[in-house]
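Asker: If you scroll down you'll find the structure; I have some questions about it.
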Amino acid sequence: MTAKLINKTAHELHAMLKSKEISATELTDEVFAQIDKTEETIGAYITVNRENALKEAKAADEKIASGDIAFLTGIPIGIKDNICTKGLKTTCGSKILENFVPPYDATVIAKLNSQNPVVLGKTNMDEFAMGGSTEHSAYKVTRNPQDTSRVPGGSSGGSAAAVAAGEAICALGSDTGGSIRQPASFCGVVGLKPTYGRVSRYGLVAYASSLDQIGPLTRDVTDAANLLNIISGVDEMDSTSARVKVPDFTAALKNDVTGLKIGLPKEYFGAGLDEKTGAAVKSAADLLAQKGATITEISLPHTEYAVASYYLIAPAEAATNLERYDGVSYGARVAGKDVPEMMTNTRTEKFGAEVKRRILIGNYALSAGYYDAYYLKALKVRTLVKQDYDEAFKSVDVILAPTAPTAAFKIGEMVGDPLKMYLQDVCTVPLNLAGLPGISVPCGRDGNNLPVGVQFIGRPLDEETILRTAFAYEQESGIKWELPGGAK
């Protein structure tokens with residue numbers, strides 16, 4: 001089989017479907033052939049939805065035949081396994097939800113389904129989105145298609161790996177502290193975290209409710225803009241969704257950065273940044289300067305405290321959100337002689353080590369005598385981090401930074417050192433604390449020939465500027481996604 005279709009972007013395939021050059025069934029068959037070929041090695045999916053997906057492809061072909069085609073009609077897509085899908089298992093990568101089938105669709109799924117895509121299945125993830133490597137799934141370790149001895153990043157590692165390996169044309173992930181952008185960087189694809197509130201969280205299984213946001217993982221910036229068009233918008237089921245008009249994000253895709261003011265935060269280019277990674281990111285800034293952008297060094301002085309603040313706030317919210325998994329209403333139950341013992345047995349047996357660690361941290365931070373010393377102080381730091389960005393955006397239009405301090409690390413390299421793993425989030429968590437949009441785009445390779453991502457950060461609800469900048473960079477750099485060696 002020549003992998004002629006799985007090598008293409010969603011917008012290229014949309015054009016081919018629209019012109020009836022190909023059929024949705026033909027495209028879906030090819031993607032499933034790739035899944036059959038590579039999934040045993042890559043491990044991108046927890047649940048493969050083959051039978052239903054083939055029915056959806058046939059239904060999409062009927063829609064197209066009648067002249068009714070939207071952007072995602074007939075496009076095979078993967079969904080992170082913490083986004084509720086009616087009638088399709090949603091496990092969050094955890095044994096506590098191993099047999100949970102949601103009775104409703106998340107709002108983003110309802111929006112996707114209105115366009116008749118082909119839902120291939122649910123992608124692997126760190127349990128309850130708590131992790132940066134997809135090694136903390138209760139089901140399997142996902143491997144990076146760029147180098148199968150390495151992690152794909154996390155927690156949306158299954159979605160990023162599926163898109164990179166040709167096992168999905170595009171995918172949805174969620175980002176609480178970098179969980180879309182960091183896997184995108186590691187796997188050599190595009191990952192967009194929208195502004196907090198731009199996309200409804202209804203039906204996204206909560207990790208940290210003030211930080212979580214759903215976004216797309218795609219092969220280029222054009223696909224990211226198109227998916228953002230589909231999933232954005234106010235939702236009466238989510239009181240935190242922004243009551244603002246959704247622009248056409250594809251209108252921002254102009255290869256022109258003339259006069260754009262780009263800030264380089266000195267704190268993001270300090271200790272811990274791999275030399276080759278830093279060089280690739282700075283070369284992206286140089287290229288944009290050649291295109292007419294103005295590059296200025298800026299300071300975000302509270303960046304060094306962001307990771308510590310995040311790892312108090314996120315676990316505190318997680319400890320509260322995960323209280324519902326008690327073996328009573330839904331999810332797994334492990335028997336005990338009474339209710340307290342049943343709850344203890346259920347949580348002890350069905351939660352993984354990283355989830356337990358974060359629940360303990362969160363409960364400790366919220367406990368009497370420690371609330372002011374830890375949690376309240378972390379909230380104050382969060383405000384300072386946001387103020388740093390507010391100040392910076394008075395003088396620049398967009399901020400350019402590394403997505404991660406290194407390229408993908410080896411499987412098992414950091415799993416025994418949680419603190420080292422947490423410090424991988426240094427470039428991504430500040431955006432979640434401040435609620436800002438960010439996009440990671442491939443910008444080169446490191447010394448091991450692994451992908452490196454550059455991150456463009458924007459003002460709240462200004463996805464248009466980061467998409468414009470990312471698109472211009474993508475066009476000028478000539479760096480295009482291609483099927484990596486681990487998926488051929």
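The values are calculated or read from the model by the stated rules, or taken from the named source; none is laboratory data. Remember, it's a predicted structure, so these values are computed and weren't measured experimentally. Cβ coordinates were reconstructed from backbone atoms using ideal geometry, including for glycine residues, and neighbour counts include every protein chain displayed. Just the protein is used for accessible areas: all its heavy atoms, side chains included, with ligands, DNA and RNA removed. Shrake-Rupley method; radii C 1.70, N 1.55, O 1.52, S 1.80 Å.
Asker: Please go through segment 460-476 and pick out each residue that is open to solvent by 10 Å² or more (accessible area, probe 1.4 Å) and farther than 22 Å from LYS394 by Cβ.
Answerer: Selection gives PHE471, GLU474, GLN475, GLU476.
Asker: Does segment 327-361 hold any residues that are open to solvent by 30 Å² or more (accessible area, probe 1.4 Å), within 26 Å of GLY177 (Cβ to Cβ) and assigned to a loop (DSSP other than H, G, I, E, B), and which are they?
Answerer: Passing the criteria: only GLY331.
Asker: Go through (1) in contact with a Cys (Cβ under 7 Å, 6 or more places away or on another chain); (2) under 17 Å from ILE109 (Cβ atoms); (3) not polar (S, T, N, Q) for ASP223 and report which single condition fails.
Answerer: Only one criterion in (1) in contact with a Cys (Cβ under 7 Å, 6 or more places away or on another chain); (2) under 17 Å from ILE109 (Cβ atoms); (3) not polar (S, T, N, Q) is unmet by ASP223, namely (2).
Asker: I'd like the full set of residues that are open to solvent by less than 30 Å² (accessible area, probe 1.4 Å), closer than 30 Å to SER149 by Cβ, not in a loop (DSSP other than H, G, I, E, B) and not aromatic (Phe, Trp, Tyr), limited to segment 1-52.
Answerer: Result: ALA10, GLU30, VAL31, GLN34, ILE35, THR38, GLU39, ILE42, THR47.
Asker: Any idea how many residues of segment 269-297 are crowded, with 20+ Cβ neighbours inside 10 Å and in contact with a helix residue (DSSP H, G or I) (Cβ under 7 Å, 6 or more places away or on another chain)?
Answerer: Residues meeting the conditions: 2.
Asker: A further question on this structure: Looking only at segment 70-100, which residues are assigned to a loop (DSSP other than H, G, I, E, B), of a type in the set (A, V, I, L, M, F, W, C) and either without any contact (Cβ under 8 Å) to a residue 12 or more places away in the chain or touching a helix residue (DSSP H, G or I) at 6+ places or on another chain (Cβ under 9 Å) (or both)?
Answerer: Passing the criteria: ALA70, PHE71, LEU72, ILE75, CYS84, CYS92.
Asker: Take segment 313-326 and flag every residue that is closer than 21 Å to ASP372 by Cα and open to solvent by 40 Å² or more (accessible area, probe 1.4 Å).
Answerer: Matches in segment 313-326: THR320 only.
Asker: Among the listed residues ILE457, ILE479, which satisfies the condition of being among the hydrophobic types (A, V, I, L, M, F, W, C), in contact with a strand residue (DSSP E or B) (Cβ under 9 Å, 6 or more places away or on another chain) and surrounded by fewer than 24 Cβ atoms within 10 Å (Cβ to Cβ)?
Answerer: So the residue among ILE457, ILE479 that is among the hydrophobic types (A, V, I, L, M, F, W, C), in contact with a strand residue (DSSP E or B) (Cβ under 9 Å, 6 or more places away or on another chain) and surrounded by fewer than 24 Cβ atoms within 10 Å (Cβ to Cβ) is ILE479.
Asker: Now a separate question. Starting from segment 237-254, keep only residues that are more than 20 Å from ALA224 (Cα to Cα), then list their pairs with residues that are charged (D, E, K, R) and open to solvent by less than 50 Å² (accessible area, probe 1.4 Å) whose Cβ atoms are within a distance under 8 Å, requiring at least 6 positions of separation or different chains.
Answerer: Between residues of segment 237-254 that are more than 20 Å from ALA224 (Cα to Cα) and residues that are charged (D, E, K, R) and open to solvent by less than 50 Å² (accessible area, probe 1.4 Å), the close pairs are ASP238/ARG201; THR240/ARG201.
Asker: How do the pairs read when you match residues in segment 347-366 that are free of Cβ contacts under 8 Å to residues at least 40 places away in the same chain with residues anywhere that are open to solvent by 60 Å² or more (accessible area, probe 1.4 Å), using Cβ under 7 Å and keeping only pairs 6 or more apart or on different chains?
Answerer: Short answer, once both residue conditions are applied: TYR364/TYR370.
Asker: Can you tell me which residue among ALA110, ALA65, ALA59 is farther than 25 Å from THR142 by Cβ, open to solvent by 30 Å² or more (accessible area, probe 1.4 Å) and under 21 Å from the mean Cα position of the chain (by Cα)?
Answerer: Of ALA110, ALA65, ALA59, the one residue that is farther than 25 Å from THR142 by Cβ, open to solvent by 30 Å² or more (accessible area, probe 1.4 Å) and under 21 Å from the mean Cα position of the chain (by Cα) is ALA110.
Asker: Right, something else. Could you run through segment 255-291 and say how many residues are in contact (Cβ under 8 Å) with a residue 40 or more places away in the chain, part of a loop (DSSP other than H, G, I, E, B) and within 25 Å of ASP425 (Cα to Cα)?
Answerer: 3
Asker: Considering only residues that are of a type in the set (S, T, N, Q) and more than 14 Å from the chain's Cα centre (by Cα), look in segment 427-454 and name the one that is surrounded by the most Cβ atoms within 10 Å (Cβ to Cβ).
Answerer: Among those residues, the one meeting the criterion is ASN448.
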